[in-house]
Amino acid sequence: MTIPTSHLVDEALRVQPEADAFPTVDELAAALERTHAAHPDVTRIRRVGTSRLGEPIEAITIGSADRHAVVFGGVHPNEPIGNITALHLIERLTTDRELLDRLDYTWHIVPCIDPDGMRLNEGWFRGPLNRPAYGRRFYRPAPDEQVEWTFPFAYKKAYFDRMMPETVALMRLIDDTKPAFMCSLHNGEYGGVYYYLSRPEPELYPLLHQIAADVDLPLDTGEPEAPYVDRYAPAIFGMIRSEDQYDFTEAAGLDPTDRQAGGSSAAYAAKYGTLTLVTEMPYWIHPDANDDTLLTRSYADVLREQAGGLRETHALLDRILTAARPDLTARSPFLRSSEAFVPILAKAAQQSEHRAADPSSQRPASVSEQFGCLDVVHMFRLRWGGTLLRALDGELAIGNGTPVLREQRAAMDALYETWAAEAAEVTPAEAIPYGKLAAVQYAAILVTAAHAARQG
C-alpha cells in the first residue's frame, strides 16, 4: 500500500540529516559499501558505467517492488547538496523498512554520476562556504560535457548525439527500470527554494510549498532560470526544454543551431511516463528572493540593466581569454568551460535585450524579479571569472609562466577581487545549514514519489 502524500511532509522532516561539509566522491563510494554491508538483505550494488577518466559509476538498489524510482546526483558537479540528500535517502530507506514498504518502490540511487567533474569542485566542499572562495574553486563543465544536457536531441535544424559515457550509463539505467518516478539532484546558489516538475501536478504544489515553509526557507518567486519555462505555481515550474530554448533563441535573432548540448534526463525518461522532480535550493538566502512588492521601475528596465552587466562581463573576460589564448598549451576542463561560457554571456545579454523590447515587459518589476535578474550578473562574474582564473593557474602550475600568461593571470585576479567585493556588498552571504537543504530535497522526493505511485 502506498503512503498518502498528505502525511509525508511531517514524516520526512522529522529526521533531518546533519552535515557540516559536502561528501566527496570517495566518501560517497565508501558510504555505499558500508550500507550494503550493513543491509545485504535489502540492498545490492552494481556498476552502471565508467567515467571518461576511468572512474567506476555505481548505483545502490534498495527494495524489490515492481515499481521503480531512479535518483541521481552530480549531474552538475558544482551542485553537491544532492550528495548529502542521496546518503540520507539511502539511510532512511534501509533503516526504516516500514517506510520502504509503504512507498512501494525499488529504488536505484546513483550518488554521483559525474565523479570526474565533482572532484574538480572538492576544494570548497569543506567550507566555510562564501561566494569568493566558492568561485575561486568552482568548476562547471562546458555544456557538451554536462550529463544532464547530453541526452539525444533532434528538433528542427538541431541534432545532438554526442553522449558521454556517463550519460549513456544513466540512459541504460532509465531504460532498464522504466521509472515511475525520477529525481535529478540539483541546487542553485543564492535566493530561495524552487522546483521543476516534468508535468503539471496541482495536488503537489501546496505540499512542495509547505516543505520550504516548515524549515523556514523562503520560496524563490522571482525571475525563473529560463524565460521560456512554464510557471505552474509560485516557485514551481515545468522542466526546461531544449525545444523551447531553440524557439526562444531563434525569436531573439540568434542562431538556434549554435548550441553545444542536447536534451535533458527528464525529456529522455518522458517516453516511460516518468514523473521527474528537480528541487533547487540555495547555499545562501536573501529576503528579496521572496518579495513580490512592485517597484516603480519597469521590468524592461531591470532586463536592460541585466543585459548591460552581462555584456560588460563578457567583454572583460573575453579580453583576457583572447590575450592569453596564443600562449595556452593545456586543453584543461577549466579552459574548455571558459571557452564555452564566456561567449554565452554575450548571447544572454542579447536575449535579455530582446525580452526588454517586448511590450509586456513595460509592467512594474517586483523586488524578487529585480533581485533574480541582477544577482545573475554577480553569479556569472564569480563563476566564469573563477573558472578562467583556474585555467590560467593551471598553465602556471605546469611551468608555462610566459610573461603574457602571468600578466593576464594578475589582471584576472584583480578583476575577480573587484567583482567579489561588489557581490558581497549587495548580497552578503551566510551559508544555510547543509542538513536543512538536504532535508528539503529529501522531503520533496518522498512526497513526489508517493504522488507518482498513487497515479500509477
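The values are calculated or read from the model by the stated rules, or taken from the named source; none is laboratory data. Because the structure is predicted, anything quoted here is derived from the model rather than measured. Reconstructed Cβ throughout: ideal geometry from the backbone, glycine too, with neighbour counts over all protein chains shown. These accessible areas exclude ligands, DNA and RNA; they are computed on the full protein's heavy atoms, side chains included. Shrake-Rupley method; radii C 1.70, N 1.55, O 1.52, S 1.80 Å.
Along segment 56-70 the Karplus relation, 6.51 cos²θ - 1.76 cosθ + 1.60 evaluated at θ = phi - 60°, assigns HN-Hα couplings of x, 10, 10, 10, 9, 9, 10, x, 8, 6, 6, 8, 10, 10, 10 Hz to successive residues, with x for each Gly and Pro. The H on the amide N of residue 58, modeled in the peptide plane, is under 5 Å from the matching H of 48, each at least 5 residues off or on a different chain. Derived scalar couplings between HN and Hα for segment 446-451 equal 5, 5, 6, 5, 4, 4 Hz in order, rounded to whole Hz, by the Karplus curve 6.51 cos²θ - 1.76 cosθ + 1.60 (θ = phi - 60°), x for Gly and Pro. Within the accessible area of segment 133-271, the carbon and sulfur atoms contribute 49%, probe 1.4 Å, all protein chains present.
Hey, what's segment 218-336 come to in accessible area per residue, 1.4 Å probe, Å²? Don't jump to the answer; show the numbers that get you there.
Values: 5040 Å² over 119 residues.
Accessible surface, normalised per residue, equals 42 Å².
Using only the Cα atoms of the chain, build the gyration tensor, take square roots of its eigenvalues as a ≥ b ≥ c, and label the shape rounded, prolate or oblate: rounded if a/c is under 1.5, else prolate if a/b is larger than b/c, else oblate. Prolate.
Stretched out straight at 0.36 nm per residue, the stretch from residue 325 to residue 454 would grow longer than its current Cα-Cα span by 40.9 nm. Taking amide hydrogens as placed 1.01 Å from N in the peptide plane, the amide H of residue 366 sits under 5 Å from those of 295, each at least 5 positions away in sequence or on another chain. Ellipticity at 222 nm from helices only: DSSP H runs of n ≥ 4 in the chain, each -39500 (n - 2.57), divided by the residue count, give -15500 deg cm²/dmol. In loop segments of segment 269-360 as defined by DSSP, the trypsin sites (Lys or Arg not before Pro) with at most 16 further C-beta atoms inside 10 Å of their C-beta are 331. How many percent of DSSP beta bridges within segment 181-298 run antiparallel, rounded to 5? Beta bridges within segment 181-298, antiparallel portion: roughly 40 percent. Under a straight-distance cross-link criterion of Cα-Cα below 21 Å, which lysines are reachable from residue 271, leaving out those fewer than 8 residues away in the same chain? Within reach: 156, 178.
Each Cα pair under 8 Å and six or more residues apart adds its separation to the average, and for the chain the resulting relative contact order is 22 percent. Where both bridge residues fall in segment 1-141, DSSP classifies roughly 65% of the beta bridges as antiparallel. Fully extending the segment from residue 64 to residue 41, taken as 0.36 nm per residue of separation minus the present Cα-Cα distance, adds 7.2 nm. The alpha carbons of segment 145-186 stretch over 31, 21, 20 Å along the principal axes, in descending order. Hey, for a label at residue 161 modelled as a point 7 Å past Cα toward Cβ, could you say which residues of segment 260-281 have their backbone N under 13 Å away? Inside the label zone: nothing.
In terms of the Cα gyration tensor, with a ≥ b ≥ c the square roots of its eigenvalues, is segment 263-354 rounded because a/c is under 1.5, prolate because a/b exceeds b/c, or oblate? Cα axes put segment 263-354 in the oblate bin.
Note on residue 175 and residue 272: the model spin-label points, each 7 Å out from Cα along the C-beta direction, lie 1.2 nm apart.
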